[in-house]
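Taken together, the values in this text are just the output of simple stated rules run on the coordinates, not laboratory data. What you see is a predicted model, and the numbers here were worked out from it, not measured in a lab. Virtual Cβ from ideal backbone geometry, glycine too; neighbours counted across all protein chains shown.
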Amino acid sequence: MGYSTLWCFSATMKDSASNSNNKRKIIALNRICFRKKYYGLGGFLKKSIPKKIHIIGSVGSGKTTLAKEISSKLDIPYYELDNVVWIRKKSGDIRRTEEEREEYLNRIIQSENWIIEGVHNEDWVSNCFHSADLIIFLDTKYSTRTYRIIKRFLKQKLRLEKSNYKPTLEIFFKMFKWDRYFEEVGKVNFFNKYGTHNDKIEVINNTNSIKKYFNYHENSLL
């Protein structure tokens with residue numbers, strides 16, 4: 001059960017981990033993945049409509065887009081973890097203290113239903129993973145994420161797309177650094193820490209399948 005498309009890690013190996021230690025970790029992770037049976041959309045999704053969904057993935061993986069679409073279809077509010085970390089103000093963003101951040105996140109988690117998306121998998125987010133009915137891990141191709149980072153930056157600079165931050169060149173180049181870090185370290189850390197939830201983890205490298213699932217349940221609710 002779960003890990004429905006974990007085989008996709010093999011496809012991203014050529015993009016991953018210049019560090020030899022991380023390479024060994026990812027190879028070990030691949031071996032675990034191949035021992036899991038492929039279920040298409042996974043056993044979990046066949047059971048019921050999840051009310052608490054956590055979407056995790058790297059920069060440019062499509063987390064926010066997917067969260068918005070599912071939110072619209074199921075009429076469930078969605079939250080960005082970046083907006084849990086930061087208080088957005090026109091005069092400039094203010095970082096919440098650890099206590100404020102955890103209090104805000106816990107209020108969200110304790111609500112009846114939610115969709116939470118973000119790249120974070122640190123300890124302060126652990127209750128979110130534990131409380132989720134469904135964890136969607138977006139394992140979008142590295143080349144696709146790179147293209148999206150560039151496209152998004154250009155659209156933001158041309159004021160064709162809004163952003164929660166000021167799209168500076170510094171942030172632009174940092175996104176490539178963050179994306180590489182997630183590919184080499186964050187992905188492995190996630191499964192090391194939260195792999196015990198394999199019964200509710202769905203690894204998706206193409207969001208079409210997950211969209212079809214929620215389209216089906218949207219229609220069934222009409």
- prompt: How many angstrom lie between the C-alpha centres of segment 162-185 and segment 87-144?
  reply: 17
task: Based on other C-beta atoms within 10 Å, arrange VAL84, VAL185 from fewest to most.
output: VAL185, VAL84
task: Within 10 Å of each residue's Cβ, count the other Cβ atoms and sort ARG95, ARG148 from fewest upward.
output: ARG95, ARG148
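Anything over 23 Å Cα to Cα? Flag those among LYS63/LYS212; LYS63/LYS157; LYS63/LYS177; LYS52/LYS89; LYS68/LYS177; LYS89/LYS211, in the order listed. Write down the numbers at each step before the final one.
On the way: LYS63/LYS212 16 Å; LYS63/LYS157 21 Å; LYS63/LYS177 18 Å; LYS52/LYS89 28 Å; LYS68/LYS177 26 Å; LYS89/LYS211 33 Å.
Exceeds cut-off: LYS52/LYS89; LYS68/LYS177; LYS89/LYS211.
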- prompt: Hey, rough spin-label estimate for ARG159 and GLU122, points 7 angstrom out along Cα→Cβ, what's it come to in nanometres?
  reply: 3.5
query: Once amide H atoms are placed 1.01 Å from N in the peptide plane, what residues at a sequence separation of 5 or more from ILE55, or on another chain, have their amide H within under 5 Å of its amide H?
result: ILE116, GLU117, GLY118, ILE136
